[in-house]
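The values are calculated or read from the model by the stated rules, or taken from the named source; none is laboratory data. Quick caveat, the model's predicted, so the values are computed rather than measured. Quick reminder, even Gly has a Cβ in these numbers, built from the backbone with ideal geometry, and neighbours come from all protein chains shown. Quick note on the areas: whole protein, heavy atoms, side chains included, nothing else; ligands and nucleic acids left out. Shrake-Rupley method; radii C 1.70, N 1.55, O 1.52, S 1.80 Å.
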Amino acid sequence: MDQNFDFNAPHSMGTTIIGVTYNGGVVLGADSRTSTGVYVANRASDKITQLTDNVYVCRSGSAADSQVVSDYVRYFLHQHTIQLGQPATVKVAANLVRLLAYNNKNFLQTGLIVGGWDKYEGGQIYGVPLGGTIVQQPFAIGGSGSSYLYGFFDQAWKDGMTKDEAEELVKKAVSLAIARDGASGGVVRTVIINSEGVTRNFYPGDQLPIWHDELESHNSLLDILGAPEPMNI
């Protein structure tokens, strides 16, 4: 049966990416589904890319576009660090991303979130959506799953969160988007950046909360009788 699948379609990360500041640093998070049309090309991709030791970027949109922007920015920041003799600031990294995105806005289909920590301004989050605008925010969300999360962040976000509270918020938000958005899925990856360095965490599907009418996978239908109730926000 012809399903009209276009297996030559561009690799697109219909996705959910999040950046959150907390009292001492930032937490970045993303799902792991990469799509080619309606076909899942990669169910465990890593959408949080290192730019420098203290700055990372979350990528959404066209996978190829976001990867080439990240590669160019990483190269320029490496040269910048050598010339200055010290690490680049988060603001410099974010503005390099903005410069490339804006100057090539007619050719790129990617939205990015830049997050990191430096000794001058601490933890910072910058959103660089499609078109190359740059906005510094206490939190930023992007990708196809973000449309399901704005109300949730209005209710759940608070200033001065601890590291654990911020990571729990990111993990909960990405799992909510996975539950609602068909283009988001897979595992949840987080990156915590602060004065002590960088910590990467990985949360497979069986460690994520179950939402609304989702059913946990079981080997037998009889196991459903003992399944936990879906979580509420």
**Request:** With an 8 Å cut-off on Cα pairs and a minimum separation of 6 or more residues, tell me the relative contact order of region 17-226 in percent.
**Result:** 28 percent
**Request:** Please list the non-local residues whose amide H lies under 5 Å from the amide H of Ser60, H modeled 1.01 Å from N, same-chain partners needing a gap of 5 or more.
**Result:** Gly111
**Fill in**
Computed over region 17-226, the distribution of all Cα-Cα distances in 5 Å bins, rounded to whole %, is 1, 8, 15, 20, 19, 16, 10, 5, 3, 2, 1, 0, 0
**Message:** Can you give me the % of accessible surface on region 1-160 that is carbon or sulfur? Probe 1.4 Å, all protein chains present, nothing else counted.
**Reply:** 51 percent
**Asked** How would Thr110, Thr81, Thr199 line up by accessible area, probe 1.4 Å, largest first?
**Response** Thr199, Thr81, Thr110
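Per residue, how much accessible area does region 17-226 have with a 1.4 Å probe, in Å²?
That works out to 49 Å² per residue.
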**Asked** When the distances between all Cα atoms of region 81-128 are binned every 10 Å from zero, what whole-number percent does each bin get?
**Response** 26, 45, 25, 4
**Request:** Determine, from the Cβ-Cβ distance of Gln109 and Asp164 and an R0 of 35 Å, the FRET efficiency 1/(1 + (r/R0)^6), rounded to the nearest 0.05.
**Result:** 0.50
**Message:** Let me check I've understood the local charge: for Gln50, count other residues with C-beta under 13 angstrom from its C-beta, Lys and Arg +1, Asp and Glu -1. What total comes out?
**Reply:** +2
**Message:** From the phi angles alone, apply the Karplus equation (6.51, -1.76, 1.60; θ = phi - 60°) to region 39-47 and give each ³J(HN,Hα) in whole Hz, x where the residue is Gly or Pro.
**Reply:** 9, 7, 6, 8, 9, 9, 6, 9, 9
**Prompt:** Which of the lysines could a cross-linker span from Lys172 if the Cα-Cα distance has to be under 20 Å and same-chain partners fewer than 8 positions apart are dropped?
**Reply:** Lys47, Lys158, Lys163
**Message:** Restricting to Cα pairs below 8 Å that are 6+ residues apart, what does the relative contact order work out to for region 153-203? Please round to a whole percent.
**Reply:** 23 percent
**Asked** Gain in length, Asn201 to Tyr39, computed as 0.36 nm per residue apart minus the alpha-carbon separation, to one decimal in nm?
**Response** 55.6 nm
**Item:** FRET efficiency estimate (nearest 0.05) - Cβ-Cβ, Ile210 to Tyr75, R0 41 angstrom
**Value:** 0.45
